[in-house]
Every structure is written in structure tokens, then in C-alpha cells.
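Here, each number is a calculation from the coordinates, and none is a lab measurement. Because the structure is predicted, anything quoted here is derived from the model rather than measured. Cβ atoms come from the backbone with ideal geometry, glycine included; neighbour counts cover every protein chain shown.
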Amino acid sequence: MKARYLVLALLPFCLLVATAYAQWPPIANGYAVTTNWHGKDVPVGESVTAWAGTQDTSVTQVEFKWRDPSGELIWDVTVSLFGPYTTSNVPSGVPEEIVEWSNKHPGFTIWYATSTQVPDLPGDWGVQAIFRDPTHVGRGHDTTKVAIRATSFNVIPEVPIVGTVGAAAVMLLGIGLFAKRTRRTV
């Protein structure tokens, strides 16, 4: 009986985690952003491409704000949209997440924008996509802002030359030497 309550208590959490992982499905509501590394660790020095998409025909530009792990704004790039593409048609080079969503949801007309940068510090990076319509009249001092979407990715240090496999081999060798020395002293 207790197991049933535990499963019922964990079910909403699991649904929340499954929903939070997907970055592109919100495009069905008008705006979305993701990266080509979504859900994967990025080695230091690898290029990351942020993809923004919208169905809003009044949006003409997307401003990409790239923030480092400390929250400092590192790159601020404004680009024009390209397209339109009607799903299941997508631009070349889009992440697999966009391709999969597009194949499951034919008939949506989407305009795209991209920005590519090379993060050089390990840690959690963030990218904001600010969708802009120069004719939009809104409240506040920035009247061109229509919507903001954000995503993040984790940059990890890469072991030079030997890579991950080499680092694992060196660790195993070290454990073996430690075990051998420990046996001699006992």
C-alpha cells in the first residue's frame, strides 16, 4: 500500500522533469530556443549553436544574450530571422530535437535564427533569445521586446591529449599501483 502512495507521489515529479527537459516543444505556443548541445556536456573550446524559432510573423530579429557561469554577459548578438520553413521541413544543421519535433507536428510555419559561440570557461552557461518586433508597442522602456526564452548548457574541462578514455585508464592504473603497494605493507 505504501509503495502505491510513493509511486503516486513521484508521478507528478517525473512528469515535471520530462517536460522540463524538452526545449523545442514550446514552439507550438509561438517561441522556443535550444542548442545543438541540449542535454549533453560541452567540452571547453567546442562551438555551441543556439537555435531560436517563432511562429510570430511580426518578429524580425532575435537578440541572443550569452552569459557565463558567473552570470556575466559575454556576447550580445542580434540576428535577423530566416525562413519560413513549414514543418516537417527544417533548415540544415538544426539539432535532432528540432527535427524530431518537426516530424511529429507537420504544418507549422516557423522562422529561425541562430548564433554560434565558443565558451571558454567550465560551468553552467545560459543563452537568452529575445524575440523583437520593431513595430511592437509595449509597456516599459524596451517596446520592441515580444518574448524571451532561455536555455542553458554545461561546459566541462577536457583533459588535454589523453581525453576521457586516457584519464580513466590513468585512474585505473593509479588504483592498481595503490592496491599493489598496500598488499606489500600488510
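Miscellaneous remarks
- Within a straight-line Cα-Cα reach of under 20 Å, residue 145 can be paired with the following aspartates and glutamates, leaving aside sequence neighbours fewer than 8 residues apart in one chain: 56, 63, 76, 133.
- The alpha carbon radius of gyration of region 24-161, expressed as a multiple of 2.2 N^0.38 Å, is 1.07.
- FRET efficiency for residue 156 and residue 73, using Cβ-Cβ distance with R0 set to 25 Å, rounded to 0.05: 0.70
- Under 19 Å from residue 40, Cα to Cα: aspartates and glutamates that are on another chain or at least 8 residues apart: 68, 96, 97, 100, 120, 124, 158
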